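Chemist: Got a structure here, written out as structure tokens. Questions coming.
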Amino acid sequence: MVSKQKWTWDKIVLASRNEHKLREFQALFKRNFGIDVRGLNDVDGVGNIVEDGKTFEENAVKKAKSVANILNIPVVADDSGLTVDALGGAPGVYSARYAGEHGDDAANNRKLLHEMERVVAEERTATFVCALALILPDGEEIVVRGECPGRIAFRPRGTNGFGYDPLFELEGRSVTMAELSPQEKDQISHRAKAMQLLADELRRRFEFEGDETVRILIVSDNHGEEKVLSSVIRREVADHVIHCGDFCTDADALPNRERMTVVRGNCDFEAVKEEEIWEGGGYRFFVTHGHRYGIKSSLTSLLYRAEEVAADIVCFGHSHTPYCSAHGGCLFVNPGSVVQPRGYTVPTYAVLETGDEGGVDITYYTPGGELVPLGGTYSLKAKKPE
Ligand SMILES: O=c1[nH]c(=O)c2ncn([C@@H]3O[C@H](COP(=O)(O)OP(=O)(O)OP(=O)(O)O)[C@@H](O)[C@H]3O)c2[nH]1
Ligand SMILES: [Mg+2]
């Protein structure tokens, strides 16, 4: 196990007076870490913060720093907005004051519709962006960014949300952000994505009170690309690493070998076992590359083998295609290839986290650390209690 720093603060401050943002942050931090979030209305001595950065990130850091300078607890700030391709990225960092007066949503929406009057449907693409900056009392900064793609509607629809939500149609769907329930917006919005990345980063760095979560990194098929593998392992700071084979390098030189379960792939000639059982987080993992079970054509043989060895979770690779699904009380996870994707657009790896109530979360990322919309939460009962 890697030793993490203990998280010692029972509350943090959001450097914002925007009540919509405050509510979303309070829900996230309470649910994830049991921490309270206070807004600027609870903090004395913070004047108006001038948002003169050229990027969302610069503004988020500036807002967080102006408050962190006078407090000795972690401070988070959000800078967000809408970028419209046909308008060269406007309103961008000026989203809140696009029509002049700060926070006049109705005037902002009117101006946006006016500017887009002559723009045809195919050219109305836009992105909601949210940058979050968290400053720790020792001065360390964590900055993340979440994006949500869509397009600008011809007229407003829906009454939920705030800001430009009634004019923002989600990519691949015919609804606007304002037609979603608050719960659904919280799952898919730019802010939700940024919040998940921030929560991930905090879990990588800190151990939280009562947090029994075990975090396991699952990778496969790096085919000799040691640097990519090392950078993913370094970033994830997982309790354990499972490598499903085709590393194609000296097995002894694999990074973090002492906390890695690794199996031999069809391209490996190393003295590494073809299959491994690893037990951790209350579950029994069966690890194989998968070529011996013909996984490219069907999972049937692997399903039988999983039953034979009483696995709760099967990790395999070989196809370079991410896959995550439960069959007969057993979860099958293929993290995809971390360098050469097939049947999927980007290279991927997976992180498995054990939850409090007998479930596991599987999250997929690109090697650059961006979230990939695969995986999910699976309720899983361990067949063999530890
Ligand atoms: O329809 C929307 N749905 C969203 O989910 C959303 N998120 C941001 N925005 C727009 O971007 C501005 C933020 O500007 P902003 O980050 O400076 O925030 P703000 O000034 O309201 O508060 P603060 O945090 O700076 O105190 C807001 O006013 C909105 O116009 C959104 N619009
Ligand atoms: Mg602002």
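Chemist: Filter segment 8-21 for residues that are crowded, with 20+ Cβ neighbours inside 10 Å and either part of a loop (DSSP other than H, G, I, E, B) or of a type in the set (D, E) (or both); which is nearest to ligand 1 (Cβ to nearest atom)?
Modeler: S16
Chemist: Looking only at segment 148-201, count every residue that is in a strand (DSSP E or B) and surrounded by fewer than 18 Cβ atoms within 10 Å (Cβ to Cβ) and tell me the total.
Modeler: First pass over segment 148-201, keeping only residues in a strand (DSSP E or B): 148-152, 168-170, 176.
Then keep just the ones that are surrounded by fewer than 18 Cβ atoms within 10 Å (Cβ to Cβ); that gives 149.
The qualifying residues number 1.
Chemist: Here are some residues: V338, V309. Which one is closer than 23 Å to G280 by Cβ, aliphatic (A, V, I, L, M) and surrounded by 20 or more Cβ atoms within 10 Å (Cβ to Cβ)? So that I can check it myself, show each step before the final result.
Modeler: On the way: V309 fails: surrounded by 20 or more Cβ atoms within 10 Å (Cβ to Cβ).
V338 is the lone residue from the list that is closer than 23 Å to G280 by Cβ, aliphatic (A, V, I, L, M) and surrounded by 20 or more Cβ atoms within 10 Å (Cβ to Cβ).
Chemist: Pick from G376, G343: which is more than 27 Å from E225 (Cβ to Cβ) and touching a residue at least 24 places away in the same chain (Cβ under 8 Å)? Even if it seems obvious, please write down each step before you answer.
Modeler: Details: G343 fails: more than 27 Å from E225 (Cβ to Cβ).
From the options G376, G343, the qualifying one is G376.
Chemist: I've got another one for you. May I ask you to say which residue of L331, L302, L374 is aliphatic (A, V, I, L, M) and surrounded by fewer than 20 Cβ atoms within 10 Å (Cβ to Cβ)? Break it down into steps so the answer makes sense when it comes.
Modeler: Details: L331 fails: surrounded by fewer than 20 Cβ atoms within 10 Å (Cβ to Cβ); L302 fails: surrounded by fewer than 20 Cβ atoms within 10 Å (Cβ to Cβ).
Every option except L374 fails the conditions.
Chemist: Still on this model: For segment 22-46: of the residues being touching a Ser or Thr at 6+ places or on another chain (Cβ under 8 Å) and in contact (Cβ under 8 Å) with a residue 24 or more places away in the chain, which is nearest to ligand 2 (Cβ to nearest atom)?
Modeler: Looking only at segment 22-46, we keep the residues that are touching a Ser or Thr at 6+ places or on another chain (Cβ under 8 Å), and these are 22, 39-40, 46.
Subset that is in contact (Cβ under 8 Å) with a residue 24 or more places away in the chain: 39-40, 46.
Working: G39: 13, L40: 11, V46: 13 Å.
Checked segment 22-46; the qualifying residue nearest to ligand 2 (Cβ to nearest atom) is L40.
Chemist: Does segment 131-150 hold any residues that are farther than 24 Å from V76 by Cβ and touching a helix residue (DSSP H, G or I) at 6+ places or on another chain (Cβ under 8 Å), and which are they?
Modeler: Quick first cut of segment 131-150, residues farther than 24 Å from V76 by Cβ only: 149-150.
The one that is farther than 24 Å from V76 by Cβ and touching a helix residue (DSSP H, G or I) at 6+ places or on another chain (Cβ under 8 Å): G150.
Chemist: For segment 61-103, how many residues are away from ligand 2 (no atom under 14 Å from the Cβ) and at positive phi?
Modeler: Within segment 61-103, residues that are away from ligand 2 (no atom under 14 Å from the Cβ) and at positive phi number 3.
Chemist: Can you pull out every residue in segment 74-95 that is free of Cβ contacts under 8 Å to residues at least 60 places away in the same chain and in contact with a strand residue (DSSP E or B) (Cβ under 7 Å, 6 or more places away or on another chain)?
Modeler: D79, G81, T83, D85, G89, A90, P91, G92, V93
Chemist: Between E140, E101, which is within 12 Å of ligand 1 (Cβ to nearest atom) and among the acidic types (D, E)? Break it down stepwise before answering.
Modeler: On the way: E140 fails: within 12 Å of ligand 1 (Cβ to nearest atom).
Testing whether each residue is within 12 Å of ligand 1 (Cβ to nearest atom) and among the acidic types (D, E) leaves just E101.
Chemist: Go through segment 280-334 and give me each residue that's over 23 Å from the mean Cα position of the chain (by Cα), at pLDDT 95 or above, among the aromatic types (F, W, Y) and closer than 26 Å to G355 by Cα.
Modeler: Of everything in segment 280-334, those that are over 23 Å from the mean Cα position of the chain (by Cα), at pLDDT 95 or above, among the aromatic types (F, W, Y) and closer than 26 Å to G355 by Cα turn out to be F285, F286.
Chemist: Let me confirm something: among A96, A60, A64, A106, which residue is exposed (fewer than 14 other Cβ atoms within 10 Å of the Cβ) and assigned to a helix (DSSP H, G or I)?
Modeler: Details: A96 fails: exposed (fewer than 14 other Cβ atoms within 10 Å of the Cβ); A60 fails: exposed (fewer than 14 other Cβ atoms within 10 Å of the Cβ); A64 fails: exposed (fewer than 14 other Cβ atoms within 10 Å of the Cβ).
Matching residue, one of A96, A60, A64, A106: A106.
Chemist: Any residue that is under 24 Å from Y304 (Cα atoms), touching a Pro at 6+ places or on another chain (Cβ under 8 Å) and polar (S, T, N, Q) - is there at least one of those in segment 344-355? Break it down stepwise before answering.
Modeler: Taking segment 344-355 first, the residues under 24 Å from Y304 (Cα atoms) are 350, 352.
Cutting the leftovers down to touching a Pro at 6+ places or on another chain (Cβ under 8 Å) gives us 350.
The next check asks that each one be polar (S, T, N, Q); those that pass are none.
No, segment 344-355 contains no residue that is under 24 Å from Y304 (Cα atoms), touching a Pro at 6+ places or on another chain (Cβ under 8 Å) and polar (S, T, N, Q).
Chemist: Okay, next question. Looking only at segment 28-57, count every residue that is within 29 Å of the chain's Cα centre (by Cα), more than 12 Å from ligand 1 (Cβ to nearest atom) and part of a helix (DSSP H, G or I) and tell me the total.
Modeler: Qualifying residue count, segment 28-57: 6.
Chemist: Now for a different question. Are there any pairs with C-beta distances below 7 angstrom linking a residue in segment 47-69 that is closer than 12 Å to C130 by Cα to a residue that is within 12 Å of ligand 1 (Cβ to nearest atom) and of a type in the set (D, E, K, R), with the two at least 6 apart or on different chains, and if so which?
Modeler: F56/D79; N59/E51; N59/D79; A60/D78; A60/D79
Chemist: Moving to a separate point now. Which residue out of V333, V346, V272 is in a loop (DSSP other than H, G, I, E, B), hydrophobic (A, V, I, L, M, F, W, C) and within 25 Å of E201 (Cα to Cα)? Reasoning before the result, please.
Modeler: Values: V333 fails: in a loop (DSSP other than H, G, I, E, B); V272 fails: within 25 Å of E201 (Cα to Cα).
Result: V346 is the single residue among V333, V346, V272 that is in a loop (DSSP other than H, G, I, E, B), hydrophobic (A, V, I, L, M, F, W, C) and within 25 Å of E201 (Cα to Cα).
Chemist: What single numbered condition from (1) touching a residue at least 60 places away in the same chain (Cβ under 8 Å); (2) surrounded by 16 or more Cβ atoms within 10 Å (Cβ to Cβ) fails to hold for E279?
Modeler: Only one criterion in (1) touching a residue at least 60 places away in the same chain (Cβ under 8 Å); (2) surrounded by 16 or more Cβ atoms within 10 Å (Cβ to Cβ) is unmet by E279, namely (2).
The values are calculated or read from the model by the stated rules, or taken from the named source; none is laboratory data. Since the model is a prediction, treat every value here as computed from it, not as a measurement. A quick note on method: Cβ atoms are made from the backbone with ideal geometry, for glycine too, and the neighbour counts reach across all protein chains shown.
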